[in-house]
Amino acid sequence: MNVLKIAAGACLAAQIGLAVPALAQTPVKIGVITSLSGPGGYLGQDIRDGFELAIDMNGGKLGGVPVQVMVEDDAAKPGQGKQIVDRLLKNEKVRIFTGIVFSNVAGATVPDVLDAGAIYVSPNAGPSTFAGKGCHPNYFVVSWQNDSLHESAGQLANELGYKSVYLVAANYQAGKDALEGFKRFYKGKIAGESFTRLDQTDFAAEFAQIRAAGPEAVFQFEPGGLGIAFLRQYEQAGLKDKIPMVVAAPSLDAVTLSVVGEAALGVNVTSHWNSGFDNPANKAFVAAWDKTYHRPATYYASQGYDTALAIGAALKGVAGKLDDVEAFRQAMLKADFQSTRGAFKFGPNQHPVQDWWALKAEKTADGKLALNTKAKILSGHGDAYAKDCKF
Amino acid sequence: MIVLEQLLNGVQFGITLFLMSAGLTLIFGIMGVINLAHGSLYMIGAYAAALVAAHIGSVGLALLGGIAAAAVSGIVIEFIVVRRLYERDHLDQVLATFALILIINQGASMLFGRQPLFVSMPAALSGSVTLLPGLAYPVYRLAVIVLGLSVAAGLFLLIHYTRVGMLVRAGATHRQMVRALGVNVGRLYTVVFGLGALLAGLAGVIAGPITAVQVGMGEQILILAFVVVVIGGLGSVRGAFFGALAAGLVDTMSRAFLQMLFRHLMGGSNADALASGMSSISIYLLMAFVLLVRPHGLLAGKT
């Protein structure tokens, strides 16, 4: 019996030994941890589909290096994200992670990735906690820093000439970042502010507050399904025509718009991407997306796509070898890829420096609803935390 | 005026909670089953109504379709899964019904995709009416209040003045005796489960035009429904009614007025932070308080 065991062990050891030289040809594993279930599951779905679309368009490779994507669902639960990272690090030896949608999941999960010396490239969540003093050489964000989404909305509120604004945000890290960001740029008066629960589906109480405060405009941060409920109830409460709304991209994306319908007409949005952006990279992306998925492309999809390209550029720079993290980092920082949003580079804290645009929900000539690009709000905009980041 | 408006909001929220928790408490009180999949029945109701409305366009049919789909799913679930759990302990029930949540959610996202469905508001119920000078209130929310109150009255009559109701009441407290008298307890349980599912489906149908119809929508309201059941007393439908109203009012009122109150007491940003924190836990504080005063809930069943 013992002899058999030893023999089996020896065989196993021999196999492992044999496998090592072959590693260079095996595909690079990329762990995509994202929210596929629960409310807001479409956000993770779009990020994943955008990411995989980029790989498919490059024949199963990124930057000429074969990759293997391992998609896991965190169900928007921080604890679940942590468990997945643990498993992928230990069992699958994954060295590159991406995918997280929600800031609270990122807050719990990303430190484990970084502590293990692996790399995290964010396609969405960009909480302030990792942008300033808490920045990390192995942490990259392709989407935006949370605050900067809402800084652009604050700037738009200035340009639209609103003297007082009421603020509403979901009560979690990204919601707090949202109000911080808005207030940093908005110069008028804050008529009042409310935080809502993340599982809240009824906003009647907040609307009564808004009506009582009588602001010139409302700014809200309610991503995904929350935003749908918010916009519909806002119209039902008869507020839509009385108090205009300024929001950043998460509160009104292409999917929310198609579900909310007319209740969204006239809402002012700021975004770093829109499906109609006129650059070759975006045209190729939108065409491929429409052909493959037959549903409107959201900015989540574009971020997933850009993230894959960013990782691809870095993989190309190191010829698919991940042993030297510093070399990978330097290759990544060059951001040598064509972003769907046009100009894109990494700032000193490895968060994006990019342009922000004003969009508006309007009816097109054929009666459909669309987000139309109006004007540039901020050019080459980084974030407020970059100066605090020291590596 | 704003107080009155918020009171109405609170009542409306409470009524929605009641529709959810009435079914939960019936199923728990009579059958002794903790049904985590109750939220999935809510989602099934909302999805079915959304699909009927999208394909046929009739509001009445959408309502019927939604509650019928939920009731039928409830009966099927009872027949296939829950039936086997009556004699097992609560942990097994939690495990099995949690599995149902995962299966139903996955099924829904495979069938209908993860993107939310669009449900339009019935034309007759959109817009608002002026109740008092300066108080315009959405018609839909008023309709929800009226509908919910009539369902509550109907349930009261059903439980106290019909033969099924008598068996339900007796089954809750003296299961063996009811069985000994020759009543088919199995069929009674199926009826009760179906009724609970129907109520959850109705809540889902109502929620459709107000919130987003999407996978996982049931879990958001499920926790609150459980809190209501605990506040009202396990197994008591009347308790669930008052518990739901109390929870709805406390939640809405604290969200609306705590901030103003705290602003009188301390600085602006501190007040906002504290008020938002306090109002998110107000329902749980209410539950803790009720349990402190009445450990079995407001109107506990006599089990």
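How much accessible surface does B:M1 have with a 1.4 Å probe, in Å² rounded to 10?
110
Kindly identify residues of the stretch B:190-226 having a loss of at least 50 Å² in accessible area between the isolated chain and the assembly of all protein chains, probe radius 1.4 Å.
B:I210, B:T211, B:Q214, B:Q220
Taking 45 Å as R0, compute the FRET efficiency from the Cβ-Cβ separation of B:L7 and A:N372 and round it to 0.05.
0.65
What's the angle, to the nearest 10 degrees (0 to 90), between helix A:103-115's Cα axis and the longest principal axis of chain A?
30
In Å², nearest 100, what accessible area do chains A and B bury in total when the solvent probe is 1.4 Å?
Using a 1.4 Å probe on protein heavy atoms, the buried area is about 3200 Å².
Angle between the Cα long axis of helix B:163-173 and the longest principal axis of chain B, 0 to 90 degrees, nearest 10?
90
Across 5 Å bins from the origin, how do the percents of Cα pairs in the stretch B:174-303 run, short distances first?
Answer for the stretch B:174-303: a P(r) of 2, 9, 13, 15, 16, 15, 12, 7, 4, 2, 2, 1, 1, 0 percent.
Rg/Rh for the stretch A:245-391 to two decimals, with Rh computed the Kirkwood way over all alpha-carbon pairs.
My calculation puts Rg/Rh at 1.03.
When the accessible area of the stretch A:189-272 is split by element with a 1.4 Å probe, what percent falls to carbon and sulfur?
52
Given a 1.4 Å probe, show me the residues in the stretch B:79-116 buried by at least 30 Å² of accessible surface when comparing the whole protein assembly to the chain alone.
Flagged in the stretch B:79-116: B:R114, B:Q115, B:P116.
Taking the highest mean first, how do the peptides B:45-56, A:100-111 order by number of other beta carbon atoms within 10 angstrom per residue?
Going by the mean number of other Cβ atoms within 10 Å, highest first, we get A:100-111, B:45-56.
Can you divide the C-alpha Rg of chain B by 2.2 N^0.38 Å and report the result to two decimal places?
Relative to the 2.2 N^0.38 Å estimate, chain B comes out at 1.03.
How big is the stretch B:75-166 along each principal axis, measuring the range of its Cα positions in Å and listing the largest first?
Largest first, the stretch B:75-166 extends 57, 44, 20 Å along its Cα principal axes.
Quick one: P(r) of the protein assembly as shown from all Cα-Cα pairs, 20 Å bins, percents rounded to integers, in order of increasing distance.
17, 47, 29, 6, 0
Can you check what the Kirkwood hydrodynamic radius comes to for the stretch A:26-154, Cα pairs only, in Å to one decimal?
Evaluated on the stretch A:26-154, it is 14.9 Å.
Give the peptides B:226-232, B:155-161 in descending order of average Cβ contacts within 10 Å, highest first.
Put in order of decreasing packing, that is B:226-232, B:155-161.
Whenever you get a sec, line up B:R88, B:R175, A:R48, B:R263 from highest to lowest accessible area (probe 1.4 Å, protein heavy atoms).
Descending accessible area places them as B:R88, B:R263, B:R175, A:R48.
Averaged across A:261-269, how many Cβ atoms of other chains sit within 10 Å of each residue's Cβ atom?
1
In whole percent, how big is the carbon plus sulfur part of the accessible area of the stretch B:182-287, probe 1.4 Å, protein atoms only?
The value for the stretch B:182-287 is 73 percent carbon and sulfur by accessible area.
So, for the protein assembly as shown, what is the accessible surface per residue at a probe of 1.4 Å, expressed in square angstrom?
40
Taking a point 7 angstrom from the Cα of A:K387 along the C-beta vector, which residues in the stretch A:93-131 have backbone N less than 20 Å away?
A:128-131
Per residue of the stretch B:15-27, what does 6.51 cos²θ - 1.76 cosθ + 1.60 with θ = phi - 60° give for ³J(HN,Hα)? Whole Hz please, x for Gly and Pro, Karplus curve as stated.
5, 4, 4, 4, 4, 6, 7, 4, x, 4, 6, 4, 5
Give a residue-ordered list of calculated ³J(HN,Hα) values for the stretch B:185-195 (Karplus: 6.51 cos²θ - 1.76 cosθ + 1.60, θ = phi - 60°; whole Hz; x for Gly, Pro).
5, x, 5, 4, 5, 4, 4, 4, 5, x, 5
Using only DSSP helix segments of four residues or longer, with each worth -39500 (n - 2.57), what per-residue ellipticity at 222 nm results for chain A after dividing by its residue count and rounding to 500?
-13500 deg cm²/dmol
Is it possible to state the helix-based mean residue ellipticity at 222 nm for chain B, with each DSSP H run of 4+ residues giving -39500 (n - 2.57), the sum divided by total residues, to the nearest 500 deg cm²/dmol? What is it?
So the helix-based figure for chain B works out to -25500 deg cm²/dmol.
Just tell me how shielded A:190-197 is by partners: mean number of partner chain Cβ atoms within 10 Å of each residue's Cβ, no decimals.
So the per-residue partner count for this stretch is 5.
Ratio to report: Rg/Rh of the stretch B:93-133, with Cα atoms as the point set and Rh obtained by the Kirkwood method; give two decimals.
Here the Rg-to-Rh quotient is 1.34.
In what sequence, largest accessible area first, do A:D199, A:D147 appear using a 1.4 Å probe?
So the residues, ranked largest to smallest area, are A:D199, A:D147.
Report, as an integer, the average count of C-beta atoms from other chains found within 10 Å of each Cβ along A:357-365.
0
The values are calculated or read from the model by the stated rules, or taken from the named source; none is laboratory data. Not measured: the values here are computed from a predicted model. Using ideal geometry, Cβ is built from the backbone for each residue, glycine included, and neighbour counts are taken over all protein chains shown. For the accessible areas, the whole protein counts, side chains as well, though only heavy atoms, and no ligand, DNA or RNA atoms are used. Shrake-Rupley method; radii C 1.70, N 1.55, O 1.52, S 1.80 Å.
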